[in-house]
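J.: Just dropping this structure here.
The values are calculated or read from the model by the stated rules, or taken from the named source; none is laboratory data. Since we're looking at a predicted model, the values are computed, not measured. Virtual Cβ from ideal backbone geometry, glycine too; neighbours counted across all protein chains shown.
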Amino acid sequence: MKVKVLKGIDKLACGMIVAEHKYDELGILVCREGDEVTEAVLIDLRDSGIDKIAVLEDSTSDEAECNTGSHSDEDMIKKTEERDARVDRSLSLIMHHEEVREIAGVIKKVIRKESAK
């Protein structure tokens with residue numbers, strides 16, 4: 001059986017399977033749940049400042065433990081608000097245009113939808 005294990009980026013190996021969507025500080029998707037770790041994924045994670053990520057491992061592994069469990073509703077709300085704020089900060093210089101505010105709303109919906117998967 002496979003379990004989620006939180007690993008530091010320096011502990012990842014090519015071929016491991018990512019167990020969560022991972023976003024950078026701007027809310028841009030860096031890798032998806034189910035992606036295979038490759039050199040390119042490792043570079044993207046490092047360049048994005050991400051230092052830990054959940055991967056799937058066999059439950060018989062010595063290190064295997066499910067330490068990324070499900071988040072509480074409060075945690076999910078906080079993360080959503082933080083992502084929304086990052087989108088707003090990213091677009092703040094041009095946010096006074098109505099079209100940009102609409103686009104920001106669409107971006108937030110897409111990020112929330114991807115986060116829910």
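J.: Just for segment 14-31: of the residues that are assigned to a loop (DSSP other than H, G, I, E, B) and touching a residue at least 40 places away in the same chain (Cβ under 8 Å), which one is farthest from residue 109 (Cα to Cα)?
T.: Among those that are assigned to a loop (DSSP other than H, G, I, E, B) and touching a residue at least 40 places away in the same chain (Cβ under 8 Å), it is 16.
J.: Regarding segment 2-13, can at least one residue be identified that is at pLDDT below 90, outside any helix (DSSP H, G or I) and not hydroxyl-bearing (Ser, Thr, Tyr)?
T.: Yes, some residue in segment 2-13 is at pLDDT below 90, outside any helix (DSSP H, G or I) and not hydroxyl-bearing (Ser, Thr, Tyr).
J.: Same structure, new question: Does residue 70 qualify as being at pLDDT below 85, in a loop (DSSP other than H, G, I, E, B) and either out of contact with any Leu (no Cβ under 6 Å at 6 or more places or on another chain) or outside the structural domain of residue 19 (by TED's automatic domain parsing) (or both)?
T.: Taking the combined requirement at face value, the residue satisfies it.
J.: May I pose another question? Mind listing whichever residues of segment 21-61 are within 13 Å of the chain's Cα centre (by Cα) and hydrophobic (A, V, I, L, M, F, W, C)?
T.: 26, 28, 29, 30, 31, 41, 45, 50, 53, 54, 55
J.: Do we have residue 105 as exposed (fewer than 13 other Cβ atoms within 10 Å of the Cβ) and modelled with pLDDT of 90 or more here?
T.: Spelling it out, it is not the case that residue 105 is exposed (fewer than 13 other Cβ atoms within 10 Å of the Cβ) and modelled with pLDDT of 90 or more.
J.: I've got another one for you. Against the conditions (1) farther than 17 Å from residue 3 by Cα; (2) at pLDDT 90 or above, where does residue 40 fall short? Just the number, please.
T.: Unmet for residue 40, out of (1) farther than 17 Å from residue 3 by Cα; (2) at pLDDT 90 or above: (2).
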